[in-house]
Amino acid sequence: MNSNNPQFEREFEAFLSGDDARLDALYRNLPQPEPNARLDAAVQAMARRAVAATKSTTHTPTRKRWLPMLSAAAVVTLAAGIAFRIGPQLWQRPTRQPEAQSAAVPVAPPPAAPQQAEPAPVAQRAAAADAAGAVAPALRAPAAELKKVENAASRPAPRAFPAPARTMQEAAPPPPAAEAKPAMPAPAMAAPTRAKPVETESAGAPAAALAAPTMQDRNASLYPEHWLANIRQMLRDNQREEALRSLAEFRKRYPDYHLPDDLRNLR
Amino acid sequence: MDAAYPDEKLMQDYARGDLRAFDTLYARSRGMLYRYILRSVADRAVADELFQETWSRLIAARGRYRVEAKFTTWLLQIAHNLVVDHFRRSRPQAGAEETETVLRELDAPEADRPEHALSDFEERRRLQVALDALPTEQREAFVLRMESGLGLAEIAEMTGAGQETVKSRLRYAFAKIRERLAE
């Protein structure tokens, strides 16, 4: 080759550095073929299709992002609608009980001294004439009632009704122990403290006497309308005393409830 | 689009969906790319096919383009790979008859001075014949140097060869062309 020719080396270095004007001009004078119009159109169409496809695919995730949000909104709306339709029935009991309890709070004795406040006879409490006198045992009742349930659960003797479940609705209303007591003779119930009757019951009270407070519990846990229906059933079953006691308890628990005509004047 | 606006920025703009950027980029690069391919394969139909395929691959890979790579090098590298694939599928080099056919098909620019037309035509023809007679790798290195002004390092990067190898190819190509033109 010409690698040893100094003239060649100079021309080659000029070529590498772009200074070979003659060769460059000759090359530029070669035919300068270019892509035809059809080829240009095909390439530019490819470029446009690619961009359009990219835009359409980038829009899809946006729609996908909105779908869960729309679904969640639809579920919330549906749930709100159902709650609006059914809610008043479900909330009727819980909303009324706090009213009764909050009304009783100012006059409630301190929880530390329940037994000192106890000496009032059960018969007097059952009369329920004095509102203040009735509220105090009502507030103390849950502890005693709970004890009764615990005792009943551990007791092997059969019961008329199973011990009620301690759900919030059932545990919250404090069914007064007074309602269980009238089944016993008044003199025997005047003296003992709240704990004593429980021992008495567990020591061998008749099954009917045990069943009475359980029935009261069950009524107290019912909706007012169902409670009143049970009272009517008692009247039909010639259990007038039970019905009157239950009605008196109902009046204490729901003082603002507008009783139906057939029960309003029942004494 | 501003002529000073670099190709690399245009490519990035197109990757973000700017079609005007692509049009500008295409207008700047189409002739250079087409001539590189046509002078490499010496067949207009094959050149058309490879030219379109080169742009197709560029469009498909636009999201992966990084501005660190010079756009022209990147574009020519895609074309180079396609040309190499083409030669692998066919014989490595066009014959003399095919070269003459290509020369006849190519549109020659009008001569400025009629009295020099014959000698100009003869020089161009000799250069074209010399180019077509070069081995593929030497011709490719020469065309890349002349057509797109790439330096040794860029040609080496594009073709995957060492710089000394590229320089050697260019030396052989230059010597053969010089010899043919001096006849």
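Since every read-out is calculated from the coordinates, none of them should be taken as a lab result. The shown structure was predicted, so the numbers you read here are calculated from the model rather than taken from an experiment. Methodologically, a virtual Cβ is constructed for each residue, glycine included, from the backbone with ideal geometry; neighbour enumeration extends over all protein chains shown.
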Expected unfolding gain across residue A:7-residue A:240 under the 0.36 nm per residue rule, minus the alpha-carbon gap, is 70.2 nm
Förster-model FRET efficiency, 35 Å R0, residue A:52 and residue B:45, C-beta, rounded to 0.05 = 0.75
Quick one: if you stick a label point 7 Å off each Cα along the C-beta vector at residue A:24 and residue B:164, how many nm between them?
-> 2.9 nm
Take peptides A:248-255, B:34-41, A:222-229, B:136-143 and line them up by average Cβ neighbours within 10 Å, highest first, as a rough protection proxy.
-> B:34-41, B:136-143, A:248-255, A:222-229
FRET efficiency (residue B:122, residue B:18; Cβ distance; R0 51 Å; to 0.05) is 0.65
Would you mind getting me the FRET efficiency between residue B:56 and residue A:84? Use the beta-carbon distance for r and R0 = 56 Å, nearest 0.05.
-> 0.40
What's the extension gain from residue A:267 to residue A:218 if we count 0.36 nm per residue and subtract their Cα-Cα distance?
-> 15.4 nm
Per-residue mean of other chain beta-carbon atoms within 10 angstrom of the beta-carbon, peptide B:145-156?
-> 2
Ranking A:86, B:155 by Cβ neighbours within 10 Å, fewest first, what do you get?
-> A:86, B:155
By the mean-Cβ-within-10 Å protection proxy, highest first, A:233-241, B:158-166, A:34-42 rank as B:158-166, A:34-42, A:233-241
Per-residue average of Cβ from other chains inside 10 Å of A:6-16 | 3
